[in-house]
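Below: one structure, written as structure tokens.
The values are calculated or read from the model by the stated rules, or taken from the named source; none is laboratory data. The structure displayed is predicted, hence computed values, not measured ones. Glycine also receives a Cβ, built like all others from the backbone with ideal geometry; neighbour counts cover every protein chain displayed. Calculation scope for accessible area: heavy atoms of the full protein, side chains included, ligands and nucleic acids excluded. Shrake-Rupley method; radii C 1.70, N 1.55, O 1.52, S 1.80 Å.
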Amino acid sequence: MNNIRIVPMTADHLDALEQLERTCFSRPWSRKMLAEELDNQCAAFLVAEDAATGQVIGYAGLLVAADEGYITNVAVFPPYRRRGAAGKLLDVFLRFARANHLAFLTLEVRPSNAAAIALYTRFGFREAGRRRNYYDLPKEDALILTRTFEEDDQ
């Protein structure tokens, strides 16, 4: 999907993102939680939109602490999956990490989410650990995936 535009999250996106959270996650973030991130100086939340219509396709969030990046959420509406939206969002975060000399980006993912793991692996993320019983509904471990940045990457 070549007509994907990546934009910063605004208050105008909150209704669609709340719906996306409910669609994708067993413990979704509320609209209020998403809205609070608009004022978080240590966070960047990006939205993937259809460039022609402005319709929200997906979104992702990144928290930065010192030289560490934590990807909080990556979600794409089911009809738009496997069309490049999540990859475009991740690419922005990877370029940000390099430009700002972050040591790594890390995230958690369900081991059963093979499509997401394949995507993250393509972007250089590798398993760095496991959080036992991290998720519920259903109960499942979380794989900790990390993409490190060496001096050569910068």
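What is the one condition in (1) over 26 Å from residue 22 (Cβ atoms); (2) touching a residue at least 40 places away in the same chain (Cβ under 8 Å); (3) in a helix (DSSP H, G or I) that residue 116 does not satisfy?
(1)
Being among the charged types (D, E, K, R) and assigned to a loop (DSSP other than H, G, I, E, B) narrows it down to one of 147, 82, so name that one. Give the steps one after another, and end with the answer.
Numbers: 147 fails: assigned to a loop (DSSP other than H, G, I, E, B).
The match here is 82.
Of a type outside the set (Asp, Glu), touching a residue at least 40 places away in the same chain (Cβ under 8 Å) and under 22 Å from residue 58 (Cα atoms): does that describe residue 109?
Here the answer is no, as residue 109 does not meet what is asked.
Quick one: in segment 30-50, of everything that is more than 14 Å from residue 73 (Cβ to Cβ) and free of Cβ contacts under 8 Å to residues at least 12 places away in the same chain, which residue is most open to solvent (accessible area, probe 1.4 Å)?
Per the criteria, the residue is 41.
Would you pick out the residues in segment 51-76 that are open to solvent by 20 Å² or more (accessible area, probe 1.4 Å) and either within 15 Å of the chain's Cα centre (by Cα) or of a type in the set (Asp, Glu) (or both)?
Listed by number, the residues that qualify are 63, 64, 67, 68, 70, 72, 74.
Among the numbered criteria (1) of a type in the set (Asp, Glu); (2) in a loop (DSSP other than H, G, I, E, B); (3) at pLDDT 95 or above, which single criterion is violated by residue 39?
Against the list (1) of a type in the set (Asp, Glu); (2) in a loop (DSSP other than H, G, I, E, B); (3) at pLDDT 95 or above, residue 39 comes up short only on (3).
Restrict the check to segment 92-113 and report whether at least one residue is open to solvent by 70 Å² or more (accessible area, probe 1.4 Å), of a type in the set (Phe, Trp, Tyr), farther than 21 Å from residue 50 by Cβ and part of a helix (DSSP H, G or I).
yes
Any idea which of (1) surrounded by fewer than 14 Cβ atoms within 10 Å (Cβ to Cβ); (2) farther than 27 Å from residue 22 by Cβ is the one residue 131 doesn't satisfy?
Every condition holds for residue 131 apart from (2).
Is it true that residue 81 is without any contact (Cβ under 8 Å) to a residue 12 or more places away in the chain and open to solvent by 40 Å² or more (accessible area, probe 1.4 Å)? I'd like the intermediate steps shown before the answer.
Working: without any contact (Cβ under 8 Å) to a residue 12 or more places away in the chain: no; open to solvent by 40 Å² or more (accessible area, probe 1.4 Å): yes.
Against the criterion (without any contact (Cβ under 8 Å) to a residue 12 or more places away in the chain and open to solvent by 40 Å² or more (accessible area, probe 1.4 Å)), residue 81 does not qualify.
Can residue 60 be described as at pLDDT below 95 and aliphatic (A, V, I, L, M)? Working first, answer last.
Values: at pLDDT below 95: no; aliphatic (A, V, I, L, M): yes.
It is false that residue 60 is at pLDDT below 95 and aliphatic (A, V, I, L, M).
Test of understanding: among 27, 22, which residue is open to solvent by 30 Å² or more (accessible area, probe 1.4 Å) and touching a Pro at 6+ places or on another chain (Cβ under 6 Å)?
Working: 27 fails: touching a Pro at 6+ places or on another chain (Cβ under 6 Å).
The unique qualifying residue is 22.
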